[in-house]
1. Among residues belonging to segment 194-213 that are more than 17 Å from SER169 (Cα to Cα) and of a type in the set (Gly, Ala, Ser), point out the one that is surrounded by the most Cβ atoms within 10 Å (Cβ to Cβ).
2. Within the set of pairs 6 or more residues apart or between chains, which connect a residue that is not assigned by TED's automatic domain parsing to the domain that holds ASN112 inside segment 175-195 to a residue that is assigned to a loop (DSSP other than H, G, I, E, B) and surrounded by fewer than 11 Cβ atoms within 10 Å (Cβ to Cβ) with Cβ atoms less than 8 Å apart?
3. Kindly provide the set of residues from segment 141-168 that are surrounded by 14 or more Cβ atoms within 10 Å (Cβ to Cβ) and among the polar types (S, T, N, Q), ordered by number.
4. Report every pair of residues separated by at least 6 positions or lying on different chains whose Cβ atoms are under 6 Å apart, first residue within segment 152-170 and over 12 Å from ARG138 (Cα atoms) and in contact (Cβ under 8 Å) with a residue 40 or more places away in the chain, second part of a helix (DSSP H, G or I) and of a type in the set (A, V, I, L, M, F, W, C).
5. Tell me, which helices (runs of 4 or more DSSP H) lie completely within segment 71-188 with 1 or more residues that are closer than 23 Å to GLY199 by Cα and out of contact with any Leu (no Cβ under 6 Å at 6 or more places or on another chain)?
6. Filter segment 54-81 down to residues that are of a type in the set (Gly, Ala, Ser) and crowded, with 17+ Cβ neighbours inside 10 Å and give me whichever is modelled with the lowest pLDDT.
7. May I ask you to list pairs of residues, at least six apart or on different chains, whose Cβ atoms are under 8 Å apart, with the first in segment 60-75 being on the phi > 0 side of the Ramachandran plot and the second being modelled with pLDDT under 95?
8. Assess whether THR153 counts as being in contact with a Ser or Thr (Cβ under 8 Å, 6 or more places away or on another chain), among the polar types (S, T, N, Q) and more than 30 Å from ARG68 (Cα to Cα).
Amino acid sequence: MNKSQQRGARSLPAPRATERSQARRAELLAIGRKLFADTSYDALSMDDIARSAGVAKGLIYYYFTNKRGYYLAIIEEAVAELVARATSASELPPAERVHRTIDGYLRYAQHNQAAYRTIVSGGVGHDEQVMAIHDRVREQLVGAIAEGAWSRTDIPPLARTALVGWLASVEGVTLDWLARKQQLSREVLRELLTRTLRGTLEIIAEFDPALPPPTPPQVQSRTRP
């Protein structure tokens, strides 16, 4: 940004959180997600972004300050959507909740591949701020799994470490699944990850019997009179 642009950006008033401004901001974020999915961060200029959005460049400065602010806002929105998809089953029984969490996670990755890769890989050159966002979403997902498995998020260090290890493997598997054009169906991958999670929960229970794995739905149905 040159000096005249900086002066123009500083002179603009702070955006108001009206419905109209929120809709415009959401529209700009949607456009940005498509742009950064197809073009690298360094290859996109603010002029390119403004031209693609059909708006004056000052409007993007108005909402996001600069290109980096715009990029980080896009990632934050993607993270919020990923977490919402993965944690939308709080009303279900524990085992079904865990199952739905994994399914929501994979659905997000499948339908938002560029955003998912950015979240998991750390953005441009393993950007520290993007990595911090990634760490935060990982903690939220670990909490969602713990809540689904044990109806609590304040878990001992051993349980947290085991779940972080499982989630790290999920990230690697999901990236590979996307890179290989989803040779496995989402349903098969979901079942694979669900079973590996169950194995992790059973190992946790061996170390800490106070944290038993949730009873699978099929076992529950067999025990009904």
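The values are calculated or read from the model by the stated rules, or taken from the named source; none is laboratory data. Bear in mind the structure is a predicted one, so any value in this text is a computation, not a measurement. Every residue, glycine as well, gets a Cβ built from its backbone with ideal geometry; the counts of neighbours run over all protein chains shown.
1. Ranking the qualifying residues of segment 194-213, first place goes to ALA205.
2. Nothing qualifies.
3. Result: THR153, single match.
4. Between residues of segment 152-170 that are over 12 Å from ARG138 (Cα atoms) and in contact (Cβ under 8 Å) with a residue 40 or more places away in the chain and residues that are part of a helix (DSSP H, G or I) and of a type in the set (A, V, I, L, M, F, W, C), the close pairs are ILE155/ALA146; LEU158/PHE207; ALA159/ILE204; ALA162/ILE204.
5. 94-111, 128-150, 157-179
6. Step one: filter segment 54-81 for residues of a type in the set (Gly, Ala, Ser), giving 54, 56, 58, 69, 73, 78, 80.
Restricting the remaining residues to those that are crowded, with 17+ Cβ neighbours inside 10 Å gives 73, 78.
Values: ALA73: 93, ALA78: 89.
Step by step, filter segment 54-81, then rank; the result is ALA78.
7. From segment 60-75, the pairs are THR65/ALA9.
8. On the way: in contact with a Ser or Thr (Cβ under 8 Å, 6 or more places away or on another chain): no; among the polar types (S, T, N, Q): yes; more than 30 Å from ARG68 (Cα to Cα): yes.
Criteria not met by THR153.
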